[in-house]
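A.B. asks: There's a structure below that I have some questions on.
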Amino acid sequence: MLRAGAPDDGSEWVFAESGYLLLYALLGGSAQRTASVIPMYEALFDMKKYFITDSAILNPTRRRCNMKSMIRVRISAADVHYGGNLVDGAKMLQLFGDVATELLIRRDGDEGLFVAYDSVEFKAPVYAGDYIEAVGEIVSEGNTSRKMKFEARKVIVPRYDLSESACDMLDEPIVVCIASGTCVTPKDKQRKG
Ligand SMILES: CC(C)(COP(=O)(O)OP(=O)(O)OC[C@H]1O[C@@H](n2cnc3c(N)ncnc32)[C@H](O)[C@@H]1OP(=O)(O)O)[C@@H](O)C(=O)NCCC(=O)NCCS
């Protein structure tokens, strides 16, 4: 049974996922035929950037969990902590915490708790004025645990070299941080089974 992403995942995701499902329907419900045209579809609409993993149609793990969330925020001058306008890496973990909370609310109807990160990598510096998209996905579930993957990427940057208010929308987002971790929703708090 195929499921599209949750309807309020973010318009790009819904658009991309709807496209996959439309292709799947047009190609007679064949995952194999859909798989063969997906690279063309992704290249045409530049869809790859909206996904951490492949389409739910092709990825059984995502088909089971298929739970994603995204927030986009502007990093303020108040977040600067180091020389050269550099922002504390913990700010990215704060964003992932909010993404995780939303994922748990969707999944369990409860905020749950973050129990552990098993990996965090800071890939590029973040500065005041950057727009950051933080995305997350539940990749597997235990009894009370929900394992998640996260990615933060820079989508808009200030261009102080041009003027104090100039900014660029990046053609290719810059990945600034990736992480994976586990959250827990205690059994008695789970409201969705
Ligand atoms: C999260 C918390 C409630 C878990 O307590 P608990 O339920 O007694 O913990 P348990 O040892 O029974 O483990 C619960 C689940 O988490 C998993 N888990 C525990 N520690 C883990 C770790 N370090 N990494 C991955 N998974 C872990 C267990 O395998 C278990 O999974 P399962 O239920 O799917 O089998 C408790 O540790 C806590 O309150 N921590 C503080 C949370 C917090 O304040 N976070 C920051 C703000 S969100």
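A.B. asks: Out of the residues in the stretch 65-96 that are surrounded by fewer than 16 Cβ atoms within 10 Å (Cβ to Cβ) and within 16 Å of the ligand (Cβ to nearest atom), which is farthest from residue 121 (Cα to Cα)?
C.D. replies: Out of the qualifying residues, it is 94.
A.B. asks: Quickly run through the stretch 138-176 and pick out the residues that are β-branched (Val, Ile, Thr) and assigned to a strand (DSSP E or B). Explain how you work it out, then say what you get.
C.D. replies: Of the residues in the stretch 138-176, the ones β-branched (Val, Ile, Thr) are 138-139, 144, 155-157, 174-176.
Matches in the stretch 138-176: 138, 139, 155, 156, 157, 174, 175, 176.
Residues checked against (1) of a type in the set (Gly, Ala, Ser); (2) in contact with an Asp or Glu (Cβ under 8 Å, 6 or more places away or on another chain); (3) more than 20 Å from residue 77 (Cβ to Cβ):
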residue: 137; (1), (2), (3): no, no, yes
residue: 141; (1), (2), (3): no, no, yes
residue: 144; (1), (2), (3): no, no, yes
residue: 156; (1), (2), (3): no, yes, no
residue: 162; (1), (2), (3): no, no, no
residue: 165; (1), (2), (3): yes, no, no
residue: 173; (1), (2), (3): no, yes, yes
residue: 181; (1), (2), (3): yes, yes, yes
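A.B. asks: Among all residue pairs at least 6 apart or on different chains, which show Cβ distances below 7 Å where the first residue, located in the stretch 94-119, is under 12 Å from residue 181 (Cβ atoms) and acidic (Asp, Glu) and the second is surrounded by 14 or more Cβ atoms within 10 Å (Cβ to Cβ) and at pLDDT 95 or above?
C.D. replies: Final answer for the pair search is 118/180; 118/181.
A.B. asks: Here's something else I'd like to know. Taking the stretch 132-146, which residues are touching a Ser or Thr at 6+ places or on another chain (Cβ under 7 Å), among the small types (Gly, Ala, Ser) and within 9 Å of the ligand (Cβ to nearest atom)?
C.D. replies: Scanning the stretch 132-146 gives a single hit, 145.
A.B. asks: Continuing with this model, one more query. Hey, could you check the stretch 121-135 for residues that are of a type outside the set (D, E, K, R) and in contact (Cβ under 8 Å) with a residue 60 or more places away in the chain and say which is farthest from residue 72 (Cα to Cα)?
C.D. replies: Only one residue fits best here, namely 135.
A.B. asks: Any residue at all in the stretch 146-167 that's surrounded by fewer than 17 Cβ atoms within 10 Å (Cβ to Cβ) and touching a helix residue (DSSP H, G or I) at 6+ places or on another chain (Cβ under 9 Å)?
C.D. replies: No, that holds for no residue.
A.B. asks: Would you mention how many residues in the stretch 165-193 are β-branched (Val, Ile, Thr) and either more than 21 Å from residue 123 (Cβ to Cβ) or without any contact (Cβ under 8 Å) to a residue 12 or more places away in the chain (or both)? Even if it seems obvious, please write down each step before you answer.
C.D. replies: First, pick out the residues of the stretch 165-193 that are β-branched (Val, Ile, Thr): 174-176, 178, 182, 184-185.
Among the residues that remain, those that are also either more than 21 Å from residue 123 (Cβ to Cβ) or without any contact (Cβ under 8 Å) to a residue 12 or more places away in the chain (or both) are: 182, 184-185.
Final tally of qualifying residues: 3.
A.B. asks: Still on this structure, I have one more. When residues of the stretch 109-131 are filtered for being away from the ligand (no atom under 16 Å from the Cβ) and within 18 Å of the chain's Cα centre (by Cα), how many remain?
C.D. replies: Here is the first cut: in the stretch 109-131, the residues away from the ligand (no atom under 16 Å from the Cβ) are 109, 121-131.
Of the ones still in play, those that are also within 18 Å of the chain's Cα centre (by Cα) are 121-124, 126, 130-131.
Qualifying residue count for the region: 7.
A.B. asks: Under the condition of being modelled with pLDDT of 50 or more and among the acidic types (Asp, Glu), which residue from the stretch 47-95 is farthest from residue 158 (Cα to Cα)?
C.D. replies: Step one: of the stretch 47-95, the residues modelled with pLDDT of 50 or more are 47, 65-95.
Going one step further and asking which of them are among the acidic types (Asp, Glu), we end up with 79, 88.
Values: 79: 15, 88: 18 Å.
Of everything passing the filter in the stretch 47-95, 88 is farthest from residue 158 (Cα to Cα).
The values are calculated or read from the model by the stated rules, or taken from the named source; none is laboratory data. Since this is a predicted model, take the numbers as computed values, not measurements. All Cβ positions, even for glycine, are placed from backbone atoms using ideal geometry, and neighbour counts span all protein chains on display.
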